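The values are calculated or read from the model by the stated rules, or taken from the named source; none is laboratory data. Worth saying up front: this structure is predicted, and the values here are computed from it rather than measured. Backbone-built Cβ (ideal geometry, glycine too); neighbour counts: all protein chains shown. Note: areas computed on protein heavy atoms with side chains; ligands, DNA, RNA excluded. Shrake-Rupley method; radii C 1.70, N 1.55, O 1.52, S 1.80 Å.
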Amino acid sequence: MDFSFTDEQEAIQEMARRFAEDELAPNAAKWDEEKHFPVDVIRKSAELGLAGIYTRDDVGGSGLGRLDAALIFEALSAGCTATAAYISIHNMCSWMIDRFASEELRQKYCPKLTSMEMVASYCLTEPGSGSDAAALKTKAVKDGDHYILNGSKAFISGAGVSDLYVVMVRTGGEGPKGISTVLVEKGTPGLSFGANEKKMGWNAQPTAIVTFDNCRIPVSNRVGEEGEGFKFAMMGLDGGRLNIAACSLGTANAALKAALYYANERRAFGKRLNEQQALQFKLADMATELEAARVMLYQAAWKLDHKTPDATRHCAMAKRFVTDVGFNIVNEALQIHGGYGYLKDYPLERMLRDVRVHQILEGANEIMRVIVARDLLKEYQG
């Protein structure tokens, strides 16, 4: 196995790292404190090709792979976890349209998404259907050459600010085969938004309920055929899970670096913390677990790029493992800082709040275990 990166991948990683250092890291604490959504800075990422990472180049995309994306989001999240995560969501939307929509829709929306003239939100979860996503109730009833949408979506990142909403709706019977995907533009009559949720973390992006009240959209705004929407959503989540795992990995790496720096500076019991063997062991374990998580993430991304039969299983494995490990490393880094880690003068408490949700969204980690177990067990069914 070749664990080295190409020159292009190293350049991409360095570009994302510089953007994180220059544009995200200096502002992350302020954005969190003020609950500010930095759309102007996010749009700058489009100039670097980060708004259509794996979207085709004929509509302005970068045409890169999932491993490339993992390197990018690992680098970006070291600057601001919440902002990196939103850029991931936007990319998932642009990819779904590029991959599955008609050529007319591709040409209408993808150039605006890859340039971030428009920013997008992904709308699957509902107040009554989170992990059981196939039980969604938002309906789209056909009326001539239009659909009339009624229902609501919950926990939608970018809600109220995003220009375009990729929405999973029920056009048929119960279950996954009755679900379709449609596009709804901001400003469409009948589309409204709840108040920004008061969250533990991810304060640098808005999260709100999206409501459809007799919201009328053209049938031509449907992505793919009726009944294909749940399949599209799940395929989008394979990549989204890797990106969120990468955001945990990058944040954990930044936290480990902060802990190493602090341990080198702080003195206790007559010597530096990094001379205390108990702390050395803790740092060694953190670094080892971080590398194990990195290898698992990169392998899953490689499998998704190569469309291997077990790619979905490995995406679920990586999402579960990397987000759990990432949270634990950030938590240990905070502990190493002692009381200072609990203060907002240091970035650790924000990092901890931001990575905690990664164990819940894009499929809770309990659901990742269900996906892995089902895939394993079907091999042994008689």
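Annotations
- Nearest 10 degrees, 0 to 90: helix 103-114 Cα axis against the chain principal axis: 30
- With only the Cα atoms considered, region 52-115 has a convex hull volume of 65 Å³ per residue.
- C-alpha center-to-center spacing [region 310-365, region 139-183] in angstrom: 31
- Between Lys271 and Glu225, the contour length at 0.36 nm per residue exceeds the alpha carbon distance by 9.9 nm.
- Calculated mean residue ellipticity, 222 nm, the chain: -16500 deg cm²/dmol, from DSSP H runs (n ≥ 4) at -39500 (n - 2.57) each, averaged per residue and rounded to 500.
- Extent of region 168-247 along its three principal axes (Cα atoms, max minus min coordinate, largest first): 37, 32, 22 Å.
- Of every Cα-Cα pair in region 106-265, the percent that sits beyond 24 Å: 39
- Convex hull (Cα only) mean projected area of region 143-213, reported in nm² to one decimal: 5.6
- Here the calculated FRET efficiency for Val295 and Glu34, from their Cβ-Cβ distance with R0 = 35 Å, stands at 0.40, rounded to the nearest 0.05.
- Treating r as the C-beta distance of Asn150 and Ala373 and R0 as 35 Å, the FRET efficiency rounds to 0.45.
- Region 102-180: projected area of the alpha-carbon convex hull, averaged over directions, in nm²: 6.0
- Carbon and sulfur %, accessible surface of region 1-112 computed with the full protein complex present, 1.4 Å: 46
- Radius of gyration (Cα atoms) of region 303-382, expressed as a multiple of 2.2 N^0.38 Å: 1.44.
- Normalising the Debye intensity of region 1-157 to I(0), with uniform scatterers on Cα atoms only, and taking log10 at q = 0.12 Å⁻¹ returns -0.61.
- Normalised alpha carbon radius of gyration of region 277-327 [divisor 2.2 N^0.38 Å]: 1.36
- Out-of-range pairs (alpha-carbon distance over 24 Å; input Lys231/Lys378; Lys35/Lys257; Lys44/Lys139; Lys139/Lys198): Lys35/Lys257; Lys44/Lys139; Lys139/Lys198
- Taking the alpha carbon gyration tensor of region 253-341, multiplying each eigenvalue by 5 and rooting it gives semi-axes of 34, 11, 9 Å, largest first.
- Kirkwood Rh and Cα Rg combined as Rg over Rh, evaluated for the chain: 0.99
- Estimated distance in nm for a label pair at Asp22 and Lys142, the labels positioned 7 Å out from Cα along Cα-to-Cβ: 5.1
- Trypsin sites (Lys or Arg not before Pro) restricted to DSSP loop in region 287-324 with at most 15 other C-beta within 10 Å: Lys307
- Both radii were evaluated on the Cα set of region 188-337; the Rg over Rh quotient, with Rh as the Kirkwood radius, amounts to 1.15.
- Centroid-to-centroid separation of region 54-87 and region 228-250 [C-alpha atoms, Å]: 12
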